[in-house]
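Worksheet for the structure shown next.
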Amino acid sequence: MIRFEHVTRRYERDGRPALDDVSVEFDRGDFVFLIGASGSGKSTLLRMILREGLPQHGRLTVAGQNLGLMLERRVPAYRRSIGMVFQDFRLLPDKTVYDNVAFAMNVIGARRAQTRARVTDVLETVGLDHLGRRYPHEISGGEQQRAAIARAIVNEPAVLLADEPTGNLDPHASTEVMKILRWINASGTTVIMATHDRPIVDQMRRRVVQLHHGVLVRDDPQGTYDPPRGSRAWELLNEQEAAAGLRAIDPKPAGFGDYTDLPDRDRPEKAEDPGESEDSAADLGAEAAQAYRITWPEDRRPVTAQEPAEQVPAGVDGTELTGVQQEGFTERDDAAGQAGDEEFEELDALDRDEDEVRFEEGRL
Ligand SMILES: Nc1ncnc2c1ncn2[C@@H]1O[C@H](COP(=O)(O)OP(=O)(O)OP(=O)(O)O)[C@@H](O)[C@H]1O
């Protein structure tokens, strides 16, 4: 389903690759933990699946589509088939929980009745149906992350990418989030989660893919966070974490969940009527661009061409990230990445020529 074939990705022309000759395949329904010390390439790999940065070498295909050949105009639809959640939640602060989730459907032009039914359903799934009227600052971190997950899955993505989703959460909230991710996966969604959270990886016993300086050094179908003691992968993980002054977080205290059940949901209040959202899809493009924009400051480049924000596609997953004019800077176009000019021209030409390349939304 998602196949990296000898993929190398560099941010700097002569710099060390963030991903170095990586070959790995993720199948439909996989639950994968992506581990490795800080800077080992986990986020880069996730971003590449979102088509945020193309390989300079190798090939990345998703559902048979070579992302390097995908027409730019097809990228938004492609990205809408992928949900993404982040360590810092990235909810819209001025929208209620309900509207944060509904927004993701509004931007794709869903009808109001359909949105209402689906959002209600998804909020129930994540145990937040009684908090629909609250604003992000009125709920806990764990609840915010569950709202962010609701937003990410409301359009039923085939793949859910999670970049350290429990990084800001206490053990209890982490447990709740993991139960939900596990449930989402059990419903057929591929989940790929970057994490430093040793206890979670150890308790879930799912596939573990380990990166070290951009190189894939372990792919264990039912792994623990730590590779077998004394193995090369174990040495590499310890070396790199020690060098960075980092260790994966300590084991969590007793009571940490076993993820075998969905959370018990106390719903003291009846689900609230979330009310009507007056936002039109047309109004939402620019706001979406601001709201779901992934910020990697290093990526920013001075604006060279004026691109109205309205042209930026909207989505729930950071789809509108490229070419977004903001504060005098624009994010680097992903096709350009750090590829050399020739490589970029080549990719650009491929984009224009490859009209037969098709991506059907929702069909990963
Ligand atoms: N936008 C960028 N520009 C230049 N270099 C980058 C950029 N993003 C990441 N890098 C570099 O690429 C390498 C891999 O970074 P990446 O963020 O993928 O690692 P990571 O494993 O996700 O780290 P962490 O666990 O800290 O999130 C690092 O050396 C990093 O400094």
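For first residues located in segment 40-52 and aliphatic (A, V, I, L, M), partners that are more than 8 Å from the ligand (Cβ to nearest atom) and part of a helix (DSSP H, G or I) and lie 6+ apart or on another chain with Cβ distances below 7 Å form the pairs LEU50/ARG79.
Residue-level check: of (1) at pLDDT 95 or above; (2) outside any strand (DSSP E or B), GLU52 misses just (1). Flag: ALA147 does not match the condition of being modelled with pLDDT under 95 and crowded, with 19+ Cβ neighbours inside 10 Å. Across segment 106-138, the number of residues qualifying as surrounded by fewer than 19 Cβ atoms within 10 Å (Cβ to Cβ) and under 21 Å from ASP88 (Cβ atoms) comes to 4.
Restricting attention to segment 174-205 and to residues that are surrounded by fewer than 20 Cβ atoms within 10 Å (Cβ to Cβ) and within 21 Å of ARG232 (Cα to Cα), the residue that is farthest from the ligand (Cβ to nearest atom) turns out to be ARG205. Residue pairs whose Cβ atoms lie under 6 Å apart, separated by 6 or more positions or on different chains, with the first residue in segment 14-25 and closer than 15 Å to GLY36 by Cβ and the second of a type in the set (Phe, Trp, Tyr) and part of a loop (DSSP other than H, G, I, E, B), are ALA18/TYR11.
So for segment 60-81 (the condition being buried (at least 17 other Cβ atoms within 10 Å of the Cβ), of a type outside the set (Phe, Trp, Tyr) and within 16 Å of the ligand (Cβ to nearest atom)), does at least one residue qualify? Scanning segment 60-81 turns up at least one residue that is buried (at least 17 other Cβ atoms within 10 Å of the Cβ), of a type outside the set (Phe, Trp, Tyr) and within 16 Å of the ligand (Cβ to nearest atom).
Listed conditions (1) at pLDDT 95 or above; (2) outside any helix (DSSP H, G or I) are all met by SER43, apart from (2).
State yes or no: is LEU161 within 15 Å of the ligand (Cβ to nearest atom), under 27 Å from GLN114 (Cβ atoms) and out of contact with any Lys or Arg (no Cβ under 8 Å at 6 or more places or on another chain)? Here the answer is yes, as LEU161 does meet what is asked.
Regarding segment 223-246, can at least one residue be identified that is under 18 Å from GLU176 (Cβ atoms) and either modelled with pLDDT of 90 or more or surrounded by 12 or more Cβ atoms within 10 Å (Cβ to Cβ) (or both)? No - not one qualifying residue is present in segment 223-246. Looking only at residues in segment 15-57 that are touching a Phe, Trp or Tyr at 6+ places or on another chain (Cβ under 7 Å) and more than 8 Å from the ligand (Cβ to nearest atom), the one that is nearest to THR189 (Cα to Cα) is VAL32.
Restricting attention to segment 10-46, and to residues there that are of a type in the set (Lys, Arg) and touching a Lys or Arg at 6+ places or on another chain (Cβ under 9 Å), which single residue is surrounded by the fewest Cβ atoms within 10 Å (Cβ to Cβ)? Among those that are of a type in the set (Lys, Arg) and touching a Lys or Arg at 6+ places or on another chain (Cβ under 9 Å), it is ARG16. Within segment 1-14, being at pLDDT below 95 and over 18 Å from GLU52 (Cβ atoms) holds for MET1, ARG13, ASP14.
The values are calculated or read from the model by the stated rules, or taken from the named source; none is laboratory data. Just so we're clear, the structure is a prediction, and the values are computed from it rather than from any experiment. We place every Cβ from the backbone using ideal geometry, glycine too, and count neighbours over all the protein chains shown.
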